[in-house]
Amino acid sequence: MFLAWREIRYSKTRFALIIGVVVLISYLVFFLTGLAYGLAQENRTSIDKWEADGIFLAEESNTNINMSMFPKDLLEEVNADETASLGVVSSVIEPNRETDEDAKVNATFFGISAEEFIMPDIIDGDAFGEDRQVVADRSLRDEDGYEVGDELSLSGMDLTLELVGFTEDSKFNVAPVLYTNHSTYQEIRASGFGQREDEIISAIVVRQENGDIEAVEQTTDELALYDIDEFINNLPGYNAQVLTFGLMIGFLVLIAAMIIGIFIYVLTLQKSSMLGVMKAQGISSAYIGRSVVGQTFILAAFGVLTGLILTLGTGLILPNAVPYMNNFIFLITITGLLISVAVTGAFFSVKTVVNIDPLEAID
Amino acid sequence: MKLIELKQATKTFEDGRKTIEALKPTDFAVEAGEFVSIIGPSGSGKSTLLTIIGGLQTPSSGQVLINNDKFSELEEKDRAKKRFEEIGFILQASNLIPFLTVKDQLKLVNKIWNSTFDLSQAKNLLGELKIDDLIDKYPSDLSGGEKQRAAIARALYHDPSVILADEPTASLDTDRAFEVVDILSRETKKKNKATIMVTHDERLTEYCDSVYVMKDGILSKKS
């Protein structure tokens with residue numbers, strides 16, 4: 001490390017430029033990871049919030065909750081530690097008061113029973129009590145300017161709802177969720193499917209001790225039970241998003257590592273006559289090689305950590321509408337991955353060091 | 001005491017179908033405290049001889065002994081280790097590392113040996129060579145003569161038994177060249193080293209105890 005540090009201190013500009021490139025690339029990787037994770041979360045936060053283990057959907061729905069529809073009575077055909085009934089329907093909402101901008105928002109309604117476990121915590125205002133009262137995700141307040149007490153109208157429907165409170169972390173398919181009771185849900189849903197005699201729901205969410213959903217019993221073949229992770233992976237578009245971003249990030253990590261490796265390799269080639277002199281003096285390839293690897297580690301660590309700090313800083317000043325989110329496990333993993341792959345790349349340079357013939361220093 | 005000894009050492013190269021004898025069978029020895037110079041035209045094989053003595057290549061036949069150790073028969077890795085301990089190199093274009101100050105050039109030896117750097121010892125050595133005021137300078141800040149004196153300091157610092165200098169004055173004007181060779185000669189006597197200097201400048205040999213001439217792979221003593 002003695003040589004590594006001294007050289008960095010001597011050729012400040014050159015190494016600052018290399019670190020600069022590493023900073024930019026790692027910034028890009030971290031930032032993209034934050035965006036990808038944030039976007040993925042917007043698909044699923046409302047589901048993660050349940051802390052459920054499994055979900056029953058109509059047998060013929062093909063894991064698509066929007067296509068799942070069955071009578072609420074089937075709740076009695078299911079035996080798990082905890083169960084919750086859930087109705088899901090998409091709609092477009094708009095406040096009735098005068099607003100500055102176009103405040104129409106795509107939203108998903110969750111029809112639930114307030115006494116069941118998927119009832120969200122209220123962070124502002126009150127829980128829904130009477131019919132036609134709703135609780136919404138805070139993004140409607142923070143991004144779209146909705147307020148407690150707003151009257152909401154639904155596109156294409158002669159129905160007015162009252163916004164009574166806000167909750168957090170409730171997004172489904174990148175849209176905010178509005179919670180309401182089952183009878184209001186039936187009214188909203190009826191607009192699409194016509195009036196029905198019995199109450200219709202979309203899903204039964206279950207919790208089972210130790211997540212052992214095998215132990216959940218059912219006495220009807222109209223329902224199919226899915227593991228909650230399987231359900232999330234089959235959310236429309238979710239898997240495609242995660243795979244696309246995952247591949248991009250993976251390639252970026254590789255490219256970053258290759259760039260650092262190439263820089264170090266070129267630097268080593270440039271120094272080869274000096275390294276030849278050192279080897280002629282009897283300084284071992286192992287010592288020089290360790291110095292090359294150490295230097296790569298210093299450059300990569302400096303660059304990647306600076307990129308990380310920049311990313312965390314950017315995360316703080318981003319507007320709410322940007323779906324950016326930090327996941328510290330991902331950030332730590334990527335930091336480790338970037339540095340270790342870069343150091344691996346440095347071993348190509350070590351091979352060059354080993355192959356330098358000290359004789360050439362004399363002739 | 002013989003610190004350098006060659007016994008029937010030869011070096012041959014294959015060049016196409018021809019075999020070139022760069023070094024014909026040679027017996028040669030340098031005692032402690034002896035300053036020897038080897039002169040000869042370029043291509044005469046004097047650099048080859050120096051690299052064989054320095055262990056950068058091995059003789060095709062015969063032996064090289066450094067400090068009574070069969071140096072030429074060691075494995076490459078052990079030879080490098082031995083070279084670092086026993087031999088101080090002074091090269092034509094100076095063997096200084098561009099990004100280290102004069103002090104750090106010396107400190108590097110301590111780093112490799114995991115020993116502690118003794119500043120007063122380093123200052124003493126640099127003082128002897130009259131460059132102790134340049135201790136914090138980089139090689140690019142030094143003049144040619146100062147560079148070679150720093151290179152001599154570096155070669156002497158780890159107290160080797162043998163000093164090998166390959167055209168140490170090539171980049172210097174006459175006055176500086178004499179000064180550097182004078183220092184080399186004095187340090188050889190004072191520290192009891194065996195020193196070989198390869199040069200093409202015959203005027204410098206007046207400082208040497210004996211002068212050898214290399215011609216077509218044959219080393220002979222100049223009377």
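Read-outs: derived from the displayed coordinates by stated rules, not from any lab. Keep in mind that what you see is a predicted model, and the values were worked out from it rather than measured. As a convention, Cβ positions derive from the backbone with ideal geometry for all residues, glycine included, and neighbour counts pool all protein chains shown.
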In whole angstrom, the spacing between the Cα centers of the range A:265-343 and the range A:103-141 equals 47
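Need one number: % antiparallel among DSSP beta bridges in the protein assembly as shown, to the nearest 5.
Antiparallel: roughly 70 percent of the beta bridges in the protein assembly as shown.
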May I ask which residue of B:197, A:188, A:277 lies farthest towards the positive end of the charge dipole of the protein assembly as shown, with charges of +1 (Lys, Arg) and -1 (Asp, Glu) on Cβ and the Cα centre as origin? B:197
What order do you get for A:14, B:79 when you list them from fewest to most C-beta neighbours inside 10 Å? A:14, B:79
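Would you please name the GluC sites (Glu not before Pro) within the range A:1-72 that are DSSP coil residues with at most 16 other C-beta atoms within 10 Å of their C-beta?
Values: sites: A:7, A:42, A:51, A:59, A:60; in loops: A:51.
Answer in residue order: A:51.
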Per the helix-only calculation at 222 nm, which mean residue ellipticity applies to chain A, given -39500 (n - 2.57) for every DSSP H run of n ≥ 4 and division by its residues, nearest 500 deg cm²/dmol? -16000 deg cm²/dmol
Please tell me which of these pairs span more than 30 angstrom C-alpha to C-alpha: A:279/B:147; A:351/B:190; B:24/B:111; B:77/B:215; B:111/B:190? A:351/B:190; B:24/B:111; B:77/B:215
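If you average the sequence gap of Cα pairs under 8 Å that are 6 or more apart and divide by the length of chain A, what percent do you get for the contact order? Please report the intermediate quantities before stating the final value.
Working: 626 pairs, mean separation 102.7, N = 363.
Relative CO of chain A lands at 28 percent.
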Likely footprinting exposure, A:182, B:200, fewest C-beta neighbours within 10 Å first: B:200, A:182
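May I ask you to list the GluC sites (Glu not before Pro) in the range B:56-129 that are in a DSSP loop and have at most 14 other Cβ atoms within 10 Å of their Cβ? Let's see the in-between values first.
Values: sites: B:73, B:75, B:76, B:85, B:86, B:128; in loops: B:75.
Taking the range B:56-129 and a limit of 14 other Cβ atoms within 10 Å, the loop GluC sites (Glu not before Pro) found are B:75.
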When only C-alpha pairs under 8 Å and at least 6 residues apart count, what is the relative contact order of the range A:54-207, in percent? 36
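Considering only DSSP beta bridges whose two residues both sit in the range B:120-223, what percent are antiparallel, to the nearest 5? Each step should come with its number before you reach the end.
Values: 5 of 10 bridges.
Percentage antiparallel, nearest 5: 50.
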Looking at chain A as a GNM with Cα springs under 10 Å, which of A:209, A:199, A:82 has the largest mean-square fluctuation? A:209
For the range B:96-205 the trypsin sites (Lys or Arg not before Pro) that pass both the DSSP coil test and the at-most-14 other-Cβ-within-10 Å test are B:130
Residue by residue through the range A:206-221, what is 3J(HN,Hα) from phi via Karplus (6.51 cos²θ - 1.76 cosθ + 1.60, θ = phi - 60°)? Round to whole Hz and write x for glycine and proline. 10, 10, 9, 3, 6, x, 7, 6, 4, 7, 6, 9, 9, 10, 9, 9
Residue with peak Gaussian network fluctuation, chain A [Cα springs, cutoff 10 Å], from A:258, A:274, A:69: A:274
Residue among A:22, A:92, A:78 farthest towards the positive dipole end of the range A:1-145, charges placed on Cβ: A:22
For residue B:61, other-chain or 5+-apart residues with amide H closer than 5 Å (H placed, Pro excluded) are B:10
So, with +1 on the Cβ of K and R and -1 on the Cβ of D and E, and no other charges, what is the size of the charge dipole of chain A about its Cα centre, to the nearest 20 debye? 4100
Taking the 0 to 90 degree range and rounding to the nearest ten, how far is the long axis of helix A:182-193 tilted relative to the main principal axis of chain A, both from C-alpha atoms? 90
Between 0 and 90°, nearest 10: helix B:119-128 axis offset from chain B longest Cα axis: 70
Residue with peak Gaussian network fluctuation, chain B [Cα springs, cutoff 10 Å], from B:140, B:37, B:72: B:140
So what is the 222 nm mean residue ellipticity for chain B from helices alone, if each DSSP H run of at least 4 adds -39500 (n - 2.57) and you divide by all residues, rounding to the nearest 500 deg cm²/dmol? -10000 deg cm²/dmol
Between rounded, prolate and oblate, where does the range B:156-223 land on the alpha carbon gyration tensor, with a ≥ b ≥ c its root eigenvalues, rounded for a/c under 1.5, else prolate if a/b exceeds b/c? oblate
Tilt of helix A:238-270 relative to the longest C-alpha principal axis of chain A, in degrees (0 to 90, nearest 10)? 10
Suppose a student asked you for the relative contact order of the range B:2-222, using Cα pairs under 8 Å spaced at least 6 residues apart; what percent would you report? 31
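Restricting to the range B:2-222, what percent of DSSP beta bridges are antiparallel, rounded to 5? Could the numbers behind the result be given before it?
Numbers: 22 of 40 bridges.
Rounded to the nearest five, the antiparallel share is 55 percent.
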